[in-house]
Structure formats: C-alpha cells, structure tokens
Amino acid sequence: MKLSHKLVISALIAHLILIGIFSIIFPFYFSRCLKTHYFGHLREKSKVIFLAIYEGLKKGWTGKDIEELLKSYKKEGIKVTIYNLKFLQKHPDLAKKLSLRKELMLTNKPYIFRYFYALSAQSRCLKCHSGINRGDLLGALEVDVSYFKEVVFVRKVVLFFLAIVALFLLIETYVIGYLQSKKITDSLLKLKEDIENSRTFTELILAERALDTIKTGITEIDALYEEWKRIFEKLKDLAVDKEILQLEIKLLEKIILTSEFIRDWKFYIKNLIKQIYEIVEISVVFTLFFIEKEVYDVEVFWIKKPSDEFKKYVEDTIRYEARKKFELSVLNFNHHIIYDRESFKKKEEEGLYFKTKSIILETPRIGGITGVGYSYDELLTTKEVALEAILTSLLNVIGSVKAINKHMKEVEYYATRDPLTGLYNHRVFWELIQYEIERAKRYNYKFSLMVIDIDNFKLINDTYGHTFGDKFLQEVARILKDSVRKGDIIARYGGDEFVIILPMANQEQAYSIALRIRDNFNNFYLAASDGRRVRVTVSIGIAVFPDHAKTAKELFMIADTLLFKAKKEGKNRIVVSSPEDIIAVQKEIAEMNFLVQSALAENRIIPYFQPIFDVKTNEVFAYEVLMRIETDEDTIPAAKFIAHAETLGLIYKMDQILMEKALSYAKEKSYKGYLFFNLSPKVIIVQEFVTNLLELVKKYDFPPSRIIFEITERETVRNIKLLEDFIRRLQAYGFKFCIDDFGAGFASYQYIKHFFVDFVKIEGEFILGLEKDSRIDRAVVESVVAFCKSLGIKMVAEFVETQKILDIIKELGIEYAQGYYLGKPKSEILNN
Ligand code: C2E
Ligand code: CA
C-alpha cells in the first residue's frame, strides 16, 4: 500500500475513534456544564412560581387557578409539580435532603434537570398554620426543564466542526504522504535503474551514488539509507578483491590458451604485474624455479628502479628463502624494471614487507618460489588475502610453464631423433637432404646418398625377440657412426633401413666408405642370451647428386632401387648406379607423373573415408578424407602418388577436387559429423584457396567448424609467418586445425610454437611401437600426451592396428583413435 493511502487510512481511523470517544463523553460533560447554569435559573424560576402561587392563594385562588398557572409554565417547557407534606413523608430521603439544603437538583432522568425547592414554614405562615414551628418543611416544589434540544444542537455543531477538521486533516495527510513517498520512490526508482543497468560488479556498487540524493527528513528512513550506504561501502572494498580474483582468472586463462605464453612468459608476467599494480601497490615480484637439480634463473620484476642496496637486500632475502626451502644456493639473478623512468624513494624501500609462496610439482620434479614485496601500511587485510591468491596462481602458471617447457624439450628432441638409436629420423633426413642439395648447388660440388638395409633382420627379431632386436639396431647405429666422417649425416629411415648423406663425396669416395661399412659389419657380432654370436650382413645402394638425379626424391628413389637390386642379387652387396638403373627409375617416375596427370584430366580422383573413433564412447567421431586414384584395374592409395603430385605442383588442384567430392557426398548422405582433410601447407601461396573454400562450404552447406585441416610437413614451409597468418585467417571462419604425424619431424614442433591447433595426430610409427612394448616409443607418446594435455590440445592416435594398442592409448588418455583395427579407408561413410 502506498504511504499516502496508509496515512489517510490511519488518520481516518484515528478520527473515527475520536468521534466515538466524543459521542460517549459529550453528554456527561455537557450536562455538567449546563447544570450550574440551570441551577440558578431554576432557583429564580421556582421562587417566582412559589410567590405567584402564594400571592394567588392569598387572593383566594382555587386549585384550578393554580393548575392554570402551571399549564402556562408547561407551555414554556417548564413542568412544575407541587408536593405536600404527606408526599414528603413517603419520600424521607428527599425530605431529609430538602430540610437540610432547602433545594436540590437531580439529573436522574435523561436530558432533564429536576430542581426541588423546599417550602419551609416562615413567620408569616405561623399566622395561618398552627402546630408548626418556623422552618418546618411543609412541602416542595419541583421544576423540571428539558435540555435535549441544546444537546442536539451542540452535538450537531461539534460534529460539523469535527467533520470539517477531519476533511482538512485527511487532505493534508494525503498530500504530505504523497510528497514524502514521491521522494522515497523517486530515489528508489533511480537505485533500481542503476542496479538493473549495471553489468559489472563495479557498476553495481556505484549505484550507491543514488543513495546520496535521498533525504526524506524521516529520521528512521534516512538512517536506513545510511545503513545501505555502509553496506555498499563494504561491498566496494570487497570489489577490489573481486577485481584481483578476475585478474587471477585471467592469469589462469593464459596458461591454457597459448603456446606463445610459454615462449614469452616473462613478457606476459610483466603485463600482469602492471595490472596487479593498478589495484594493489606492490613494489617487486620475483619468481624462482628449478627442474630436477638444475638451477634456474631468478626473475625479479621491479615496479620502479631500485637502489643498489635495495636490490642487494632483496637478492639476499630471496637467497635466504631458496636455501631454507630447497637448499639452493647458487642463483642467477635477472632484474626487470617495469616503469624504468621512476625510482623508489628511500622511505618506500625501508617500509618493504615480503610475502612468498612455494610449490613442488612431482612429474617432472619442478620446484619454485614466487614472492611479492609491498608496503605493509598500505595493505588492507582483504587485499592481502587476494595477493596470496595471486601468488598462488602465479606460482602455478610459471610452474606449469616450466613443466611444459620441459615436455616441449622432450618432444622437440624426439621430433628430430629416432628415439631408439639417437640418429636423425626420416623426416629430418628429408629436410637435411634438401638443405644439402641447395648447398651443393650453391658451391657446385657433388654429394652421395647411401641407403643401407640389414639383410634378414626380420629373422633376428623373430628368433631373439624385440628387445634383442632393439639392442642390435643400437649396435648397428654405433657401427655406422664409427664408419663415417664427422660431417656425414646418418638417419634411421625406418625399421632396419638407414640412410647416410655424404657431403662432397663422389661415387668412388662413397663406394670406398660403403666397403668400409660392409667390412665393419663382417667383423661384428652380438652375443645372444643363449650365447650364440649373432652376425649380419648389409646391402647398400648409392646415388650421387647431381649426376644421377636433381631432386631429393629422385635421388632417394634411385638409391633405394639399387638397394633392392643388391638384395635381389644375393645380399651383402654394394650397388652403384649404371645408366640403365637411372633410366629405369626415371621411367617409373614418368609413369607416376602420367598417372597423376591423367587422373586429373579424366576425373578419376576420389575420396576414401577412414573413421576416427572417440575412445571413450566407442563411437565414430569423424572421418579422415584420403585421396585415391581409380584406374581400370585398381584403386591407388595416396602414399604412392602424393609426393609426385606435390613435385608436379598439382596437389592443390587435386585437393580442391577431392574436397568438393567429399563435401558433396557428405551432403548427399546428410552426414553431420566432422571431416578431417589433409592439406599441404604449400596452399598458402595459392591466392584463391580461401575464397574457393568458402564457396565450397556454402555450396554444400557444411559448417566450417566441422572441418579440420591436417597439416603435414612433407614440404616444409620456409616462411612460417605466412602460414601463421593463413591459419589464423581460416580459424576466424571457424575451421579447425590438426598437426599430422605429430612428434616426428621438426616442423610439427615449430607449428605448435606459432599457432594454436585443436588437434594433433600422433605419428603412427610411435603408436605401432606400443604394440611391441617399446619403452622408448611409449616414453615419446607419454611425453606428447603430457605436452598436449597441458596446452589443452586433443589427440588422435593413428595406426591403431590392434586391441592392445587401443587399450594402451585409452589408458594414456588419448581421446581419439584411427587405424586398420577400427576401420580401413573406404569409399563410403557408414551412416550413423
Ligand atoms: P597420413 O595423413 O599420415 O595418412 C595415413 C595413411 O596411413 C593413409 O595412407 C592411411 O590409409 C594409412 N593408414 C590408416 N590406418 C592405418 C593403419 O592402421 N596402419 C597403417 N600402416 N597405415 C594406416 P594413404 O591414404 O596412402 O595416405 C598417405 C599419405 O598421403 C597421408 O598420410 C597423407 O599425408 C597423404 N594424403 C592422403 N590423402 C591426401 C589428400 O587428399 N591430400 C593431401 N594433400 N595429402 C593426402
Ligand atoms: Ca592425415
């Protein structure tokens, strides 16, 4: 109910009560007032009436005359009754009172005054009446007057007056109520509006300003508003904490988000400290971390420039903490100044107070301390609590950065090395041979490529087991290393196949090195557990740049073909190329090129789909689209022709066709899942790629967010910045990215440093290693998993060929799986 209404109703009730009380009290009070007035009046009247009667009697009036007289009085409204002695004797009470007071006024009849006048014997009476004494009561005269009319009149007047007053009072109450309530409601409305419009906590507490304008003049309500103001003030204090909390959340967001943060964490921390400084006046923040026993630098971030003594004092404090907590004493300090144009005042330096936090993470074993220095006086308790929270997140963030860096180093190592032998892996081999070709061209010299295969290695593996086989391969690597010069590059190409790049070596030099290798193997054995001496021979193919081929792929094909020839001719052989060999290889290359070109011309490029399963739910999550060429006899897998298509510069066109066919098919089948497409990173130089892609998804109504591009590194991109821009541009449209064959090759590691990807596909070779319980492959996969998890990247394991592999990847927490065991590539999507 509105205040004005409430007030009016209350006033009305009060008035009614007043009128009620008045109506009850009024008659009593009024009759009392009139009584005195009437008393005198009736006394005079009685005397006059008595005298009139007395004189009349003296003149000889009869009873009738007296009656006439009384009647005339009755007309005036005065009733006169005469009582004789007999009557009085019957009413002794009345007689007694009258003989005492001589007169009496009674009000025992409603609205009537009854005046009794005593008729006493006077001297003149004794003349006629005998046997009485002077003063004896002879009779009484009663004079009655009604005052009803007066009562009615006065009551009317008073009630009328009260009604007027009431009306006036009610109007006044209403107006006052209305004005007061307007004051209150206006301010409340303003407050309500401010509260409703505030989107942030800070805006909300600023609504407090609305309270300033409220002054109702009603002490209690004003006091209530004062209390509200106090609540708001308290909230304001808490808001500072909230801001700090938000900052803390920001800190945590950063860690999940970017690999950039990991690379440039000092830069980001500096910015964060700037933000913290705006809320809490801190002077210095430091971080110290170590991994295993290795001591890391102490980074000290100063808000302003410190004096030398102050710097030393802080360094000593940190040293003391480090010794106490982690028994570290050799520390290397790096100082960073955030606002380097300002310096600390002496007073500020003296009033410094330190707060530190420390942590130890288990795997890898990383420990650290973060600390903050601030002036104690300026810090509210709430802020102090918030500061602790910040320290904790800072500690976690930097701790995680260090942990990720450690995993990153591992991943980087395995990306370039074969984990078993420590030699370069095949991907790095392709990069290095490319580099060697460019160098040889520039300085105009020759180099040789040697492909080596261990004869009957499968037999060793089958007879003595994988562990022995692995040990044997490590020995092979050692012999190869011992057989070549320092600058020669050895890589494990796969299985039992090795390659060696021999810079500046011509065919003769290469041949003599090959002979040395063969001899070293002939002199070598490894004792098996049953004591038998296990020996091997090797077959070697050699090709020379630029004599036999002008590109890395052709050079490799020639050397590989010669190796095949050596094996066919009876193993333990070295084969160098003859003109016929070169022609044979070139013929093969020409055939493949023809296959690719004619497939393109005759529209024989078709998509195959291989399912990718969600490991947890066992359901198909996506399909990878793989390219196939259909011939009259056969369907040719991508592995056979992709490299040729890339060399011919046709892969972009083929990818375009394949994508259109796949999307059209997906539409036809109403496929609603995800599609993975392989993309050569070289497409970034094709101007119209993005435009065509956008047209395609529009045409076939396929949302970009369900397309994931797998970037491979068969052809390394020199300008990573260009690739980064290209990927960011597509990501803005919603397309997702995946790094293919992750973990094997330098580029994949480079990619992840430069842009954000949603998925990585772990290199199939490592996944296959899980089947053989290879400890090394497992370690690599585990390190990739730890790395991806810390960056929030989802993983796909490829080459899942057995239930055992599936079980292991499930146990390792890899989210998705693909492979022959789960589903081979097919020309159809099985509808789900
Ligand atoms: P990738 O992307 O690493 O593809 C995986 C290859 O492994 C495919 O061979 C696939 O058929 C095969 N594979 C699938 N499951 C298993 C398994 O359990 N065990 C083994 N050993 N292999 C399995 P494919 O189709 O011959 O492709 C070879 C490579 O050609 C692909 O390697 C990819 O890099 C490239 N490629 C395929 N399709 C396209 C395409 O449309 N465009 C481009 N640019 N490249 C493509
Ligand atoms: Ca792929």
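The values are calculated or read from the model by the stated rules, or taken from the named source; none is laboratory data. Just so it is clear, the model here is predicted, and its values are computed rather than measured. Cβ atoms come from the backbone with ideal geometry, glycine included; neighbour counts cover every protein chain shown. With ligands, DNA and RNA removed, areas are computed over all heavy atoms of the protein, side chains included. Shrake-Rupley method; radii C 1.70, N 1.55, O 1.52, S 1.80 Å.
Can you tell me which residue in segment 316-352 is farthest from Val784 (Cα to Cα), limited to those that are open to solvent by 50 Å² or more (accessible area, probe 1.4 Å) and in contact with an Asp or Glu (Cβ under 9 Å, 6 or more places away or on another chain)? Walk me through how you get there before you give the answer.
Of all residues in segment 316-352, those open to solvent by 50 Å² or more (accessible area, probe 1.4 Å) come to 316, 319-320, 323-325, 327, 329-330, 332, 335, 337, 339-343, 345-348, 350.
From the residues that got through so far, the ones that are in contact with an Asp or Glu (Cβ under 9 Å, 6 or more places away or on another chain) too are 332, 335.
On the way: Asn332: 31, His335: 34 Å.
Only one residue fits best here, namely His335.
Each row is one residue, and each column tells you yes or no for (1) among the charged types (D, E, K, R); (2) farther than 19 Å from Leu563 by Cβ; (3) touching a residue at least 60 places away in the same chain (Cβ under 8 Å).
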position	(1), (2), (3)
His407	no, yes, yes
Arg439	yes, yes, yes
Val451	no, no, yes
Ile460	no, no, yes
Lys471	yes, yes, no
Arg478	yes, yes, no
Ala491	no, no, yes
Gln507	no, no, yes
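Residue check, Glu828 against (1) within 16 Å of ligand 1 (Cβ to nearest atom); (2) under 15 Å from Glu412 (Cα atoms), all met but one. Which one?
Failed condition: (2).
Exactly one of (1) crowded, with 16+ Cβ neighbours inside 10 Å; (2) charged (D, E, K, R); (3) in contact (Cβ under 8 Å) with a residue 40 or more places away in the chain is unmet by Arg417. Its number?
For Arg417, the failing item is (3).
Output yes when any residue across segment 704-711 is of a type in the set (D, E, K, R), under 34 Å from the mean Cα position of the chain (by Cα), away from ligand 1 (no atom under 13 Å from the Cβ) and part of a helix (DSSP H, G or I), and no when none is.
There is at least one residue in segment 704-711 that is of a type in the set (D, E, K, R), under 34 Å from the mean Cα position of the chain (by Cα), away from ligand 1 (no atom under 13 Å from the Cβ) and part of a helix (DSSP H, G or I).
Name the residues in segment 521-544 that are closer than 21 Å to Thr463 by Cα and among the hydrophobic types (A, V, I, L, M, F, W, C), would you?
Listed by number, the residues that qualify are Phe521, Phe524, Leu526, Ala527, Ala528, Val534, Val536, Val538.
Please go through segment 75-93 and give me each residue that is surrounded by 12 or more Cβ atoms within 10 Å (Cβ to Cβ) and charged (D, E, K, R), ordered by number.
Residue satisfying the conditions is Lys79 alone.
Can you tell me which residues in segment 682-692 are open to solvent by less than 60 Å² (accessible area, probe 1.4 Å) and near ligand 1 (Cβ under 10 Å from one of its atoms)? Before you say what the answer is, go through the steps one by one.
So in segment 682-692, the residues open to solvent by less than 60 Å² (accessible area, probe 1.4 Å) come out as 683-684, 686, 689-690, 692.
Selection gives Val683 alone.
Looking only at segment 530-549, decide whether some residue is under 60 Å from the mean Cα position of the chain (by Cα) and open to solvent by 60 Å² or more (accessible area, probe 1.4 Å).
Within segment 530-549 (the criterion being under 60 Å from the mean Cα position of the chain (by Cα) and open to solvent by 60 Å² or more (accessible area, probe 1.4 Å)), the answer is no, since none of the residues qualifies.
Looking only at residues that are open to solvent by 50 Å² or more (accessible area, probe 1.4 Å) and part of a helix (DSSP H, G or I) in segment 751-767, which one is nearest to ligand 1 (Cβ to nearest atom)? Explain how you work it out, then say what you get.
Kept after step one, since they are open to solvent by 50 Å² or more (accessible area, probe 1.4 Å), are these residues of segment 751-767: 753, 756, 765.
Restricting the remaining residues to those that are part of a helix (DSSP H, G or I) gives 753, 765.
Values: Lys753: 22, Glu765: 9 Å.
My answer is Glu765.
Which condition number does His466 fail, the rest of (1) touching a Ser or Thr at 6+ places or on another chain (Cβ under 8 Å); (2) at pLDDT 90 or above being met?
(2)
With (1) open to solvent by 40 Å² or more (accessible area, probe 1.4 Å); (2) modelled with pLDDT of 65 or more as the list, and Lys250 as the residue in question, which single condition is left unmet?
Only one criterion in (1) open to solvent by 40 Å² or more (accessible area, probe 1.4 Å); (2) modelled with pLDDT of 65 or more is unmet by Lys250, namely (2).
Are any of the residues in segment 814-823 within 16 Å of ligand 1 (Cβ to nearest atom) and over 19 Å from Leu626 (Cα atoms)? Show your work before the answer.
Filtering segment 814-823 for residues within 16 Å of ligand 1 (Cβ to nearest atom) gives 814, 816-823.
After this cut, where a residue has to be over 19 Å from Leu626 (Cα atoms) as well, the list is 814.
Within segment 814-823, one or more residues are within 16 Å of ligand 1 (Cβ to nearest atom) and over 19 Å from Leu626 (Cα atoms).
Does Val780 satisfy the criteria of being open to solvent by less than 20 Å² (accessible area, probe 1.4 Å) and free of Cβ contacts under 8 Å to residues at least 40 places away in the same chain?
no
Which of the residues spanning segment 13-49 are open to solvent by 80 Å² or more (accessible area, probe 1.4 Å) and within 30 Å of Lys182 (Cβ to Cβ)?
Hits for segment 13-49 are Ile13, Leu16, Ile17, Leu18.
In segment 511-523, what count of residues is obtained for those that are surrounded by fewer than 16 Cβ atoms within 10 Å (Cβ to Cβ) and not polar (S, T, N, Q)? Spell out how you get there, then give the answer.
Of all residues in segment 511-523, those surrounded by fewer than 16 Cβ atoms within 10 Å (Cβ to Cβ) come to 512, 515-516, 519-520, 522-523.
Then keep just the ones that are not polar (S, T, N, Q); that gives 515-516, 519.
Count: 3.
Kindly indicate which of Lys96, Lys71 is free of Cβ contacts under 8 Å to residues at least 40 places away in the same chain, farther than 29 Å from Glu150 by Cβ, of a type outside the set (A, V, I, L, M, F, W, C) and open to solvent by 90 Å² or more (accessible area, probe 1.4 Å). Write out each step before concluding.
Working: Lys71 fails: farther than 29 Å from Glu150 by Cβ.
After ruling out the rest, the residue left standing is Lys96.
How many residues does segment 302-315 contain that are assigned to a helix (DSSP H, G or I) and open to solvent by less than 90 Å² (accessible area, probe 1.4 Å)?
Our first condition is that a residue be assigned to a helix (DSSP H, G or I); within segment 302-315, this holds for 308-315.
Pick out the ones that are also open to solvent by less than 90 Å² (accessible area, probe 1.4 Å) and you get 310-311, 314-315.
Final tally of qualifying residues: 4.
Residues are listed down the side, and each one gets a yes or a no for (1) within 20 Å of Phe676 (Cα to Cα); (2) of a type in the set (Lys, Arg); (3) away from ligand 2 (no atom under 15 Å from the Cβ):
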site: Leu595; (1), (2), (3): no, no, yes
site: Ala601; (1), (2), (3): no, no, yes
site: Lys616; (1), (2), (3): yes, yes, yes
site: Val625; (1), (2), (3): yes, no, no
site: Arg628; (1), (2), (3): yes, yes, no
site: Glu633; (1), (2), (3): no, no, yes
site: His644; (1), (2), (3): no, no, yes
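For segment 660-674, name all the residues that are in contact with a Leu (Cβ under 8 Å, 6 or more places away or on another chain) and within 14 Å of ligand 2 (Cβ to nearest atom). Don't jump to the end; show me each part of the working.
So in segment 660-674, the residues in contact with a Leu (Cβ under 8 Å, 6 or more places away or on another chain) come out as 660, 662-663, 666.
Result: Ala662, single match.
Can you name the residue in segment 1-12 that is open to solvent by 30 Å² or more (accessible area, probe 1.4 Å) and either assigned to a helix (DSSP H, G or I) or among the aromatic types (Phe, Trp, Tyr) (or both) and, of all such residues, is farthest from Phe153 (Cα to Cα)? Give the steps one after another, and end with the answer.
The initial filter retains those residues of segment 1-12 that are open to solvent by 30 Å² or more (accessible area, probe 1.4 Å), namely 1-3, 5-10, 12.
Add one more test, that the residue is either assigned to a helix (DSSP H, G or I) or among the aromatic types (Phe, Trp, Tyr) (or both), and what stays is 3, 5-10, 12.
Details: Leu3: 38, His5: 34, Lys6: 34, Leu7: 32, Val8: 29, Ile9: 29, Ser10: 29, Leu12: 24 Å.
Looking at residues that are open to solvent by 30 Å² or more (accessible area, probe 1.4 Å) and either assigned to a helix (DSSP H, G or I) or among the aromatic types (Phe, Trp, Tyr) (or both), I get Leu3.
Search segment 769-810 for residues being β-branched (Val, Ile, Thr) and away from ligand 1 (no atom under 13 Å from the Cβ), and hand back the single one that is farthest from the chain's Cα centre (by Cα). First the steps, then the outcome.
Looking only at segment 769-810, we keep the residues that are β-branched (Val, Ile, Thr), and these are 776, 780-781, 784-785, 793, 796, 800, 802, 805, 808-809.
Adding the requirement that they be away from ligand 1 (no atom under 13 Å from the Cβ) leaves 776, 780-781, 784-785, 793, 808.
On the way: Ile776: 39, Val780: 33, Val781: 31, Val784: 27, Val785: 25, Ile793: 19, Ile808: 33 Å.
If we take residues in segment 769-810 being β-branched (Val, Ile, Thr) and away from ligand 1 (no atom under 13 Å from the Cβ), then Ile776 is farthest from the chain's Cα centre (by Cα).
Is it fair to say Phe344 is farther than 25 Å from Ala403 by Cα, at pLDDT below 90 and in contact with a Pro (Cβ under 9 Å, 6 or more places away or on another chain)? So that I can check it myself, show each step before the final result.
On the way: farther than 25 Å from Ala403 by Cα: yes; at pLDDT below 90: yes; in contact with a Pro (Cβ under 9 Å, 6 or more places away or on another chain): yes.
Yes: the conditions hold for Phe344.
Check segment 807-826 and report whether any residue there is under 16 Å from Phe676 (Cβ atoms) and surrounded by fewer than 16 Cβ atoms within 10 Å (Cβ to Cβ). Explain how you work it out, then say what you get.
Taking segment 807-826 as the starting set, the residues that turn out to be under 16 Å from Phe676 (Cβ atoms) are 814-819, 822-826.
Filter again for surrounded by fewer than 16 Cβ atoms within 10 Å (Cβ to Cβ), leaving 824, 826.
Yes, that holds for at least one residue.
Can you find a residue that is among the acidic types (Asp, Glu) and touching a strand residue (DSSP E or B) at 6+ places or on another chain (Cβ under 8 Å) anywhere in segment 517-531? I'd like the intermediate steps shown before the answer.
So in segment 517-531, the residues among the acidic types (Asp, Glu) come out as 519, 530.
Next, from what is left, pick out any that are touching a strand residue (DSSP E or B) at 6+ places or on another chain (Cβ under 8 Å): none.
No, segment 517-531 contains no residue that is among the acidic types (Asp, Glu) and touching a strand residue (DSSP E or B) at 6+ places or on another chain (Cβ under 8 Å).
Quick check on this structure: which one of Asp773, Asp741 is within 27 Å of Phe468 (Cβ to Cβ) and not in a helix (DSSP H, G or I)?
Asp773
Tell me, which strands (runs of 3 or more DSSP E) wholly within segment 604-681 include 2 or more residues that are β-branched (Val, Ile, Thr), surrounded by 16 or more Cβ atoms within 10 Å (Cβ to Cβ) and more than 7 Å from ligand 1 (Cβ to nearest atom)?
Details: elements: 605-614, 619-630, 635-637, 674-679.
By residue number, 605-614, 619-630.
If I filter segment 125-149 down to residues being part of a helix (DSSP H, G or I) and open to solvent by 60 Å² or more (accessible area, probe 1.4 Å), which single residue comes out as nearest to Ile112 (Cα to Cα)? Before the answer, list the steps.
Step one: list which residues in segment 125-149 are part of a helix (DSSP H, G or I), which gives 125-128, 148-149.
Applying the additional criterion that residues be open to solvent by 60 Å² or more (accessible area, probe 1.4 Å) yields 126-128, 148-149.
Values: Leu126: 35, Lys127: 37, Cys128: 36, Phe148: 7, Lys149: 11 Å.
Among them, the one singled out is Phe148.
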